[in-house]
Amino acid sequence: MVFGGTPRLPGRGGHPPAYMAGACQRVIEPETIRGCPFEDHPSSVNSYRILSLFQSMMASFKDMNRAEQQERIRRRDDDVRRLRRLTVVAGVLGIGVFGTASLVAASSQPGRAIAATGTAGSPAVQSSSFTSQPSFQPPAEVPFRGRSRAMAVSGGS
Amino acid sequence: MEIATAEFGALGTNARVMVLDAQALPDALDAVRRQLQAIDAACSRFRPDSELSRVNEAGGQTVAISPLLTQALEVALRASRLTDGIVDPTIGDALLRLGYSSDFASLARHGAALPWAVYTSPGWQMIDLDAGAGTVRIPPGARLDLGATAKAFAADLAAARAYAAAGQGVLVSLGGDIAVAGAAPLEGWTIRITDDCRSAFDAPGQTIAIRSGGVATSSTTVRRWMRGGATLHHILDPATGLPAPEHWRTVSVAAGSCTDANIASTAAIVLGDRAPAWLAERRLPARLVGVDELVLCVAGWPVEVRPESHWRPSADPLSLQLASSIDALEEPHPGRRGRFPAELLESDALGSGELAR
């Protein structure tokens, strides 16, 4: 603690910076504060009381912060537990939805859903992919340069 | 693994089946044959005993049809919806008027000039299809032609069936309409793109590969015939009932299915110079070869390297002249694309005459 300057907490360094050394009248070490060795200097006593008050405030702040921290940790743990539960449920649902979508997609591909029989025993593809698509279906992959010798010919007919 | 291949004639063209495993080829072939027979019995315009012929001859009556023809009609109607009527199954009567009255193999390539009138097809909206009940009704006098969709639809169905039967990846080509199903070879299914599906593998064109979906090519250089000195081709503009003006000689499209690819390639021929933007907007990779032999690739179609050109344009001034004169006369009509105004249809300016002299 530096008289006439900014109070410094005992136990947290306590020494004034070097540039204040000349301005200091006296430096109070932590152990001397406890005993209040400045009873003959009223202004020093007041400073000591202010310091004590400040210390007690900081202590309660610390206690409060600790309690709040614990509360936050508890809440966070609760959140994590809840999130884990949700993740598991979403995963199960996701697998179900994805599986269903895959089955639907597979069955809607041209010719995959071959089921019924047309007239005269002629097979008919029941898939609606040729008839119900509301727009042109672009290719899954654009054509690329062919290199094989086994080939077919696409031309006018 | 060696790819096994077999070819046979079907649907008035050649069918080619390729399977990843040679042992699976018989099963795949059998499945494809049965599917094509079923399609032919349901959708052929040239077989008097086909279901489609029965519908065309019904004189406006409701006809009960099989699930297969129901599906084929649904595909045709979807094609019309997707193309705003550029691909229209009600052009059957227009094809008849232009002399395309029998299977192309038996069609006389030359003939007398045809009396003709500018003809607008009844329109796909006039088809009353009840898919649930399995019935269809078309206006009296209207005739359906499923040539723009049925073959590609058949390729898709046949590929799916062959894959189901063989358990191996397959490619089915019906006159150049190609569908694949199942696993593809490591290097993909290799396809030579040319003007004519009967061409040899080294014919001028481009070699590409796909792993899924389908590829289709429409061309004005095949299925051509002459009437009175005018050269005609089989891709009609429903707005005029006449062969589409020849802006592109060949258009090839890749899509999620052979059916979609063929709908788009046919529409592109009719759309002319609007085709590249139309295809790109729909994210359909395509290769368009102009009558001037310029090649245009859109939407990711691989750009080809052409060291030299083998193709020589066949001078066909009459058809080009016919096309350009029709183009000049076309006038957008409210509600339908490219219709002729009613006053022109009723007058002698276009109402009668001969195609060309």
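The values are calculated or read from the model by the stated rules, or taken from the named source; none is laboratory data. Since we're looking at a predicted model, the values are computed, not measured. Note: ideal-geometry Cβ built from the backbone for every residue, glycine included; neighbour counts use all protein chains shown. Protein only, heavy atoms only, side chains kept; ligands, DNA and RNA dropped before computing areas. Shrake-Rupley method; radii C 1.70, N 1.55, O 1.52, S 1.80 Å.
Listed values, structure above:
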read-out	value
Among the candidates B:Ile269, B:Ile208, residue that is over 19 Å from the mean Cα position of the chain (by Cα) and open to solvent by less than 10 Å² (accessible area, probe 1.4 Å)	B:Ile208
Those residues of the stretch B:21-43 which are in contact with a strand residue (DSSP E or B) (Cβ under 9 Å, 6 or more places away or on another chain), touching a residue at least 60 places away in the same chain (Cβ under 8 Å) and open to solvent by 20 Å² or more (accessible area, probe 1.4 Å), in sequence order	B:Asp21, B:Leu25, B:Asp27, B:Leu29, B:Arg34
All strands (runs of 3 or more DSSP E) inside the stretch B:194-291 with 1 or more residues being within 11 Å of chain A (Cβ to nearest Cβ) and among the basic types (Lys, Arg)	B:224-227, B:248-255, B:286-290
The stretch B:63-84, residues that are open to solvent by less than 10 Å² (accessible area, probe 1.4 Å), part of a loop (DSSP other than H, G, I, E, B) and under 17 Å from B:Asp237 (Cβ atoms)	B:Thr83
Check on B:Ala58, aliphatic (A, V, I, L, M), open to solvent by 20 Å² or more (accessible area, probe 1.4 Å) and more than 10 Å from chain A (Cβ to nearest Cβ)	yes
Subset of the stretch B:166-183 (residues that are of a type outside the set (S, T, N, Q) and more than 10 Å from chain A (Cβ to nearest Cβ))	B:Ala166, B:Gly167, B:Gly169, B:Val170, B:Ala183
Of the criteria (1) closer than 19 Å to B:Ser53 by Cβ; (2) open to solvent by less than 30 Å² (accessible area, probe 1.4 Å); (3) outside any loop (DSSP other than H, G, I, E, B), which one B:Asp156 fails	(1)
Yes/no for A:Gly91 being more than 30 Å from B:Ala160 (Cα to Cα) and modelled with pLDDT of 50 or more	yes
Filter pass, B:Pro302 being within 18 Å of A:Ala140 (Cβ to Cβ), in contact with a Gly (Cβ under 8 Å, 6 or more places away or on another chain) and open to solvent by less than 40 Å² (accessible area, probe 1.4 Å)	no
Total residues in the stretch B:44-55, condition in a loop (DSSP other than H, G, I, E, B) and open to solvent by less than 40 Å² (accessible area, probe 1.4 Å)	3
Complete set of residues in the stretch A:135-145 that are farther than 18 Å from B:Ala159 by Cβ and either of a type in the set (Phe, Trp, Tyr) or in a loop (DSSP other than H, G, I, E, B) (or both)	A:Ser135, A:Phe136, A:Pro138, A:Val142, A:Phe144
Selected residue (criterion: modelled with the highest pLDDT) from residues of the stretch A:113-134 that are in a loop (DSSP other than H, G, I, E, B) and more than 7 Å from chain B (Cβ to nearest Cβ)	A:Pro134
